[in-house]
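Each reported figure results from applying straightforward, stated rules to the coordinates on display, with no laboratory input. On a predicted model such as this, the values are computed, not experimentally measured, just so you know. Every residue, glycine among them, receives a Cβ derived from its backbone with ideal geometry; neighbour counts consider all protein chains shown.
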């Protein structure tokens, strides 16, 4: 048995099952969103039309980063996510019905229809996301500060894309977090493209965990979009943060099966690339590991069914929810 | 009448006292920014805090405004009450994304589910030859963007009371203090930079203008240094029998329309004075309020005096020319009274 296989078997089965179930849920959620998003956008694609208007950035293929990390978090830990946030939100336990209603622009949504898919806030599980690249990193650092000031062992995780690692906020915040020894983890999801620009054309280092040395903190690299390896790397980073040993940068090689946004013509990549990536579907790989560990097909199917049912119920809730009143737009600027 | 001995403080000591009392009252209050620890803030607004509360609650930061203002946002979302200092308002360019895209918008986009009880305090104002990157007020730049309360107190009493209110407020408050009104030893010594400040904690509302001088002939609206210059001009006008009513706006957002409109009903004439740029600014906003809601009370067109749409120049002769002063206000009022 190789060392890497030994590490894989060290993950508790319950955690493996949880990760699998969440990955299925995320994948099915995004697959449904592809369908819903296309409603009302044919024959002419108009981004502002249809059941779900606006930009839509889906995380299909990027599930391992979210589940491998969130397997170690509780609702007391903070997660900030970027413009492509559904996998993080689901893995963090955001209320799926309210999240979907928000994406549908309904008044039952997390932000009463004021935020939409890029701006989801669920303080009950300390989750937020935003549409400005790298901006969530300092927010996570602030949550980490708050945890320390309150004397809890909570940690904060900022998920970002590899493009965000070249923004000022990344460097400013990592220096600050290292200086103050904050329980912060930055997870860089390298899906190979910042919209259309390949990583090698944007980034001066091969992988961003190497930048950890510049701040005097720990770095880890997870290859092959492997949820189990992500689980292990995250376990070390979260333990380090909870123990007061400071921040970590984890970079994970992941795959973006879809365009930057729905409607992206994807002229910047070879037509053969995505079918090739789909051959390495992390969900299928994890399923094989579960079967190898002795789980029955029927049990896996049952998990898949439960995950999908939760998603179906969320979409149904959203579709049946009321829109806000027009003049609700005038509320919530200030809290009274 | 018995005159109790008044307790006099400079503007910066009044601010620091407010922050200190709130830190004492609420363990969630903390301060972060550049040189706010041992130095006590470049403009003195955090003096004495680190000695009392230590470096865990008074955090000197690296020169990383995006990181520490963003961190203040993240901490506020977790129920802390950070007071972050942006040293000069002019530096907003390096961190405005955190301020207007996040601090100002997260409460709204969350449908009110996330509160950001934080204060972003920052030094504004010119008149001391620091040129275009360190002399702006930028009142309107911030007040234009929804989601932030924007206040600019003019007296030590208000600096303390409004800082206390700002810290206790559950919304993000941009707290602009004027460098000339801090009572700094290394700037012009102005009488207005020192004033009566009660020792006990008190609040001053964040949405109310103050009538600082009553009069029936003309209304002058200003804020911070312009309020003080307006009062000085009004005193000179009074020698000639002209009684100007002077309003200290105090709060740019929300703006107190009622106080302005009530005064206009009485005087029928309006001069708005601003240390910010003329176009698209506070003077235009108040002129619009007058045009929309008090047009028939006006006996003459509204007058505006502000920085004439040029960056703040360095040389005294140039800077004195563009920043309104009491002479300019006096002349403008005299001319306004000849109309209509």
Using Cα atoms only, what is the angle between the long axis of helix B:11-25 and the major principal axis of chain B, expressed in degrees (0 to 90) to the nearest 10? 40
Report, in whole Å, the centroid distance computed from the Cα atoms of segment A:133-201 and segment A:205-222. 12
Can you compute the radius of gyration and Dmax for the protein assembly as shown, using only the Cα atoms, both in Å? 28.4, 99
Kindly identify segment B:210-337 as rounded, prolate or oblate by the Cα gyration tensor criterion: order the square roots of the eigenvalues as a ≥ b ≥ c, call it rounded if a/c is under 1.5, otherwise compare a/b with b/c, prolate if a/b is larger, else oblate. oblate
Assuming a viscosity of 0.692 mPa s and a temperature of 37 °C, what translational diffusion coefficient in µm² per second does Stokes-Einstein assign to segment B:8-196, Rh being the Kirkwood radius over Cα pairs? 202
Label 7 Å along Cα→Cβ of residue A:302; segment A:15-38 residues with amide nitrogen under 17 Å? A:15-22
Can you give me the distance in nm between label points at residue A:124 and residue A:236, each placed 7 Å from the Cα along the Cα-to-Cβ direction? 3.6
Value of relative contact order over chain B, rounded to a whole percent, pairs C-alpha under 8 Å and six or more apart: 16
On a 0 to 90° scale, report how tilted helix B:65-77 is relative to the longest principal axis of chain B, with both axes built from alpha carbons and the result rounded to the nearest 10. 80
Inter-part distance where segment A:299-330 and segment B:88-150 are each reduced to a Cα centre, Å: 37
What FRET efficiency do you get for residue B:7 and residue A:327 if R0 is 51 Å and r is their Cβ-Cβ distance, rounded to the nearest 0.05? 0.60
Which value, in nm² and rounded to one decimal, describes the direction-averaged projected area of the C-alpha convex hull of chain B? 17.8
Between helix B:326-337 and chain B: long-axis angle, C-alpha atoms, 0 to 90°, nearest 10: 40
Rank by packing, highest mean first: peptides A:280-287, A:162-169, with packing defined as the count of other Cβ atoms within 10 Å averaged across residues. A:162-169, A:280-287
With label points built 7 Å along Cα→Cβ from the Cα atoms of residue A:45 and residue B:257, find their separation and express it in nm. 4.5
Size-normalised alpha-carbon gyration radius of chain A, reference 2.2 N^0.38 Å: 0.97
What distance in nm separates the two pseudo spin-label positions at residue B:38 and residue A:243, each 7 Å out from Cα along the beta-carbon direction? 3.3
